[in-house]
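**Q** For reference, the structure I am asking about is given below.
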Amino acid sequence: MATVVDLSEPYRNHLIPVLPPGRGVCAVCWSAAHPDFRLCYKCNAARNDFRQGLADIVVPIALAVKREQLAHELWHYKYDVDPSVRTRLGNRLAAVLWRFLGQHEKHIADAIGVPEFEIVATVPGTREREGGHPLERIVGEIVGPTKDRYEPLLTLGQGGVPAHTLAHGRYRATRALRGDPAVLLVDDTWTSGGNAQSAALALRAAGAANVAVLVIGRHFDRAFRDCETYYQQAKSARFTWDSCCLELAARDDAS
Amino acid sequence: MTSEEQAALLAWLRRPKVVWSTVTEQLEQTGSVQEAAAGTQPAQGTLFDTAPTDDLDQAEVDLERWERAGIRMVSVLDREYPSNLRMIHQRPPVLFLRGAADEHDAVSVAVVGTRQATPEGLQQAAGLAAGLAERGVPVISGLAAGIDAAAHMSALSAGGRTVAVIGTGIDRAYPAQNAALQEEIARKGLVISQFLPGSPPTKTSFPMRNAVMSGYALATVVIEAAYQSGARMQARLALQHGRHVFLMRSLLQHDWARGYAERPGVTVVDNASQVFNGLQRLAAESAESADLVWA
């Protein structure tokens, strides 16, 4: 037996929160942006290419800094050669997701003006694997707030669109979504947004009225341009389970 | 991993300017030494040329020589690489081992503390290590003078298992007076080094060793440590790895320890029994089969 609180609590020691929106922070993915622009390069390109159909909101739980612990876990829970490591890390990440949703799912729904998310889906993996993607196990079988609403709604499209490319047809929905549902789309890592935003396009095409993307880690490379200043600021802000980036953003707006 | 792959990996690691953390990543991402080396400067191409290069020959000779001395090299691609260590971001690409692996090490405790130990500190270390050993918990430490040596010796005296994670090459002893203890641990337990055999102690090797010790054990207990101590650093590293830290109550005389005691994943303890109970809970929640409930 393990509790969400016990497993997630130690993450406070090493998780780094994303910075609240503002100068130098992308208004979509919360990562570092050039101080003169509202969006980072990738999110700006996505906005230019796809005026409609992208996610209504993107919410990262924390930064997944390259070569640090969270980024390590987000890769190894899928790909470690040792199955027990994959399972144990998967259980811990399930606790992280559960803890965050237990305390903050309402804030995501509020931010896009929906009463709740009727459906929870995951972004399909980029590699074929036996027994399904471990994120499906986490969201569909372990995490209390999602498992009853989870549906394996998306599959890879037929078009052979390369991984991480933002495109219509990269994924397709397995059924039409009737009644304009709001979908909570979960992924482990947001790197360029190509996968999650392509999944959002597919969900919209299938009939989703709203799509909110929740990612455990926003991939972050300190060596990349504009990133070190952001990193230092983010690192000095203590991570807490008690407030999410949306609450901090709302607080900043009010003040 | 075949002996040819081992030699190629060793030759790769020995090349100048090779960043070991990159080697780890390349190995994990490709799943083979050959592919990993092929895609990386400056190893590109040469490791698997048909005509063996001098460094490959030397690597083969050295691996055979080490094997005769009871030293084996395991990489992140090998099953024998410890699972606990795989879970942390500071896992080294290879470990050099002397002694026997044991699955019980998965639920072990690193007992660490200062080299300049007080008599009370040494007594606490010995008492704690014995108490853990008697309860079947392997005692992991760093084979340094002071607290480390006391923990190893006490675990051995109690008939328990002990593992030394050392800050030099595995064929060296530092400090020299612990050479006999290192031999005994290799015979009865396990000695681990993440450094190439022959490597001397350096300023950076001990903090790197602390990271591996934290990763190898399920939790760390700090016995006696001033602010600048490597043991305090291990507590910090353990928390960054998401691992639990136990602090002996007597540490609360230090500002740093009072600060740490407030953090999640830290428990202040008085004795081995409390560490053991805490460890049982940690083992249960980190088990593969653990059912997750909210609270």
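**Q** Checking the structure you have, find out if any residue of region B:46-61 is modelled with pLDDT of 95 or more, away from every other protein chain (no Cβ under 12 Å) and within 23 Å of the chain's Cα centre (by Cα).
**A** no
**Q** Take region A:160-181 and flag every residue that is hydrophobic (A, V, I, L, M, F, W, C) and surrounded by fewer than 11 Cβ atoms within 10 Å (Cβ to Cβ).
**A** A:Ala176
**Q** Need a quick list: helices (runs of 4 or more DSSP H) entirely within region A:159-255 having at least 3 residues that are within 17 Å of A:Leu19 (Cβ to Cβ) and of a type in the set (A, V, I, L, M).
**A** In region A:159-255, the matching helices (runs of 4 or more DSSP H) lie at A:245-254.
**Q** Given (1) away from chain A (no Cβ under 14 Å); (2) at pLDDT below 95; (3) buried (at least 19 other Cβ atoms within 10 Å of the Cβ); (4) not in a loop (DSSP other than H, G, I, E, B), where does B:Ala43 come up short, assuming only one miss?
**A** It fails just one condition, (4).
**Q** From the list B:Ile223, B:Ile166, B:Ile185, exactly one residue is touching a Lys or Arg at 6+ places or on another chain (Cβ under 8 Å) and in contact (Cβ under 8 Å) with a residue 24 or more places away in the chain. Which is it?
**A** B:Ile166
**Q** Just for region A:105-124: of the residues that are touching a helix residue (DSSP H, G or I) at 6+ places or on another chain (Cβ under 7 Å) and either of a type outside the set (A, V, I, L, M, F, W, C) or in a loop (DSSP other than H, G, I, E, B) (or both), which one is farthest from A:Leu214 (Cα to Cα)?
**A** Among them, the one singled out is A:Pro115.
**Q** Further question: If I ask for residues that are surrounded by fewer than 20 Cβ atoms within 10 Å (Cβ to Cβ) and either more than 14 Å from chain A (Cβ to nearest Cβ) or among the acidic types (Asp, Glu) (or both), which ones from region B:102-121 would you list?
**A** B:Asp102, B:Glu103, B:His104, B:Arg115, B:Gln116, B:Thr118, B:Pro119, B:Glu120
**Q** Checking the condition farther than 30 Å from B:Arg72 by Cβ, assigned to a helix (DSSP H, G or I) and within 14 Å of chain A (Cβ to nearest Cβ), which residue from B:Ala284, B:Ala211 passes?
**A** Criteria check complete, one pass: B:Ala284.
**Q** Confirm whether B:Val245 is farther than 26 Å from A:Ile142 by Cβ and crowded, with 18+ Cβ neighbours inside 10 Å.
**A** Spelling it out, B:Val245 is indeed farther than 26 Å from A:Ile142 by Cβ and crowded, with 18+ Cβ neighbours inside 10 Å.
**Q** Taking the conditions exactly as written (in contact (Cβ under 8 Å) with a residue 24 or more places away in the chain and either within 22 Å of A:Leu89 (Cα to Cα) or surrounded by fewer than 22 Cβ atoms within 10 Å (Cβ to Cβ) (or both)), does B:Arg91 satisfy them or not?
**A** Considered against the rule, which asks whether it is in contact (Cβ under 8 Å) with a residue 24 or more places away in the chain and either within 22 Å of A:Leu89 (Cα to Cα) or surrounded by fewer than 22 Cβ atoms within 10 Å (Cβ to Cβ) (or both), B:Arg91 comes out as yes.
**Q** Please determine whether any residue of region B:256-270 is part of a loop (DSSP other than H, G, I, E, B), surrounded by fewer than 22 Cβ atoms within 10 Å (Cβ to Cβ), modelled with pLDDT of 95 or more and more than 13 Å from chain A (Cβ to nearest Cβ).
**A** For region B:256-270, residues part of a loop (DSSP other than H, G, I, E, B), surrounded by fewer than 22 Cβ atoms within 10 Å (Cβ to Cβ), modelled with pLDDT of 95 or more and more than 13 Å from chain A (Cβ to nearest Cβ): present.
The values are calculated or read from the model by the stated rules, or taken from the named source; none is laboratory data. Source: prediction; values computed, not measured. Cβ coordinates were reconstructed from backbone atoms using ideal geometry, including for glycine residues, and neighbour counts include every protein chain displayed.
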